[in-house]
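Structure first, commentary second.
The numbers here are math on the coordinates, done by the rules we state, and not lab data. Just so we're clear, the structure is a prediction, and the values are computed from it rather than from any experiment. Cβ atoms come from the backbone with ideal geometry, glycine included; neighbour counts cover every protein chain shown.
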Amino acid sequence: MKDALGSVQSALVLGGTSDIALAIVRRLVDDRCARVVLAGRDPGGLEKAAAGLSREGVEVATTPFDADDAEHHAAQIAAIFAEHGDLDLVLLAFGVLGTQDGFDADPASASRVVHTNLGGAVSASLAVAQQFRRQGHGTLVVLSSVAAERARKSNYVYGATKAGLDAFAQGLGDALAPLGIDVMVVRPGFVHTRMTEGMDAQPFATTPDAVADAVVRGLRRGATTVWAPGILRWVFAVMRHLPRPVWRIVSAR
Ligand SMILES: NC(=O)c1ccc[n+]([C@@H]2O[C@H](COP(=O)([O-])OP(=O)(O)OC[C@H]3O[C@@H](n4cnc5c(N)ncnc54)[C@H](OP(=O)(O)O)[C@@H]3O)[C@@H](O)[C@H]2O)c1
């Protein structure tokens, strides 16, 4: 359960080596989160991430989790809750960007990214919802993207996965709200992480720490949607209504 001041005391990260997720967890730990479970597919990367979080009074565990293995999500996530006790917050952070050129050359690879970013996220989130219903509380934080707001011709497969995930997370949040369970949708713009390494930065590019600050502020005020940076909310309020021929030019970079 959150403590008397509303701070998260325990958290599970699905995609436990994500740069953005780890920045968020560092903020939570600074804010008295004492139990963290990092779940992912790279044991070495998870151990390294766990070592980076370890400090006195904080328990950090790692556990295998593959977003593509939807058949086992319900059982795996139930087992994590059974082993580690109630978890206040689950951060759904896994995702794959890919390149549009790569997808054009190998259509099956596009289907795999859809499977990970959307299919895996849907089954994992529903499995988390089962556990939140059972324990009677919880907050699911979903890393969507501004790419969900409007598909760009340079990465529309990724954008389509995020649009699907964003819509799903909003619906899940509306369904769970009467039970006192929260779902926060986070829409970062371009963030300097391993995922975007070597790419040209987009306007309003930001850092994992800045996204983490926005998420923590959002958690404190019970936000259902967080933009990072916040100005992108207003930028995309305009962008999403631009006529398609204009959008083609604006989004060409
Ligand atoms: N960076 C940006 O500009 C940006 C902007 C908006 C939204 N986002 C979203 O934010 C989230 C985190 O991204 P990031 O920037 O922190 O990138 P990142 O550091 O590359 O993290 C991506 C994470 O996804 C995990 N992952 C990928 N496929 C997986 C699978 N099949 N099973 C389990 N884990 C898997 C990776 O694990 P491995 O270590 O095993 O590869 C890694 O932990 C993603 O959902 C991304 O789409 C990023």
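Choose one of PHE94, GLY189, THR139: the residue whose Cα lies farthest towards the positive end of the charge dipole of the chain (beta-carbon charges +1 Lys, Arg; -1 Asp, Glu; about the Cα centre). Farthest towards the positive end: GLY189.
Rounded to whole numbers, the Karplus 3J(HN,Hα) couplings from phi for segment 7-23 are 7, 5, 9, 8, 8, 10, 10, 9, x, x, 9, 5, 4, 5, 4, 5, 5 Hz, using 6.51 cos²θ - 1.76 cosθ + 1.60 with θ = phi - 60°, and x at Gly and Pro. Computed over the chain with a Gaussian network model linking Cα atoms closer than 10 Å, the most mobile of ALA34, ALA105, ALA201 is ALA105. Using C-alpha pairs under 8 Å with a sequence gap of at least 6, the mean separation divided by the residue count of segment 10-250 gives a relative contact order of 19 percent.
Highest GNM mean-square fluctuation among GLN76, GLN202, GLN130, for the chain modelled with Cα contacts below 10 Å: GLN202. Sorted largest first, the principal axis extents computed over the alpha-carbon atoms of the chain equal 53, 37, 35 Å. Spacing of the modelled spin labels on ALA175 and ALA108, each 7 Å from Cα toward Cβ, amounts to 3.2 nm. Using the Karplus relation 6.51 cos²θ - 1.76 cosθ + 1.60 with θ = phi - 60°, the per-residue 3J(HN,Hα) values for segment 70-80 come to 4, 4, 9, 4, 4, 5, 5, 6, 4, 5, 5 Hz, with x marking Gly and Pro.
GNM remark for the chain: springs join alpha carbons under 10 Å apart, and the peak mean-square fluctuation among ARG35, ARG55, ARG187 falls on ARG55.
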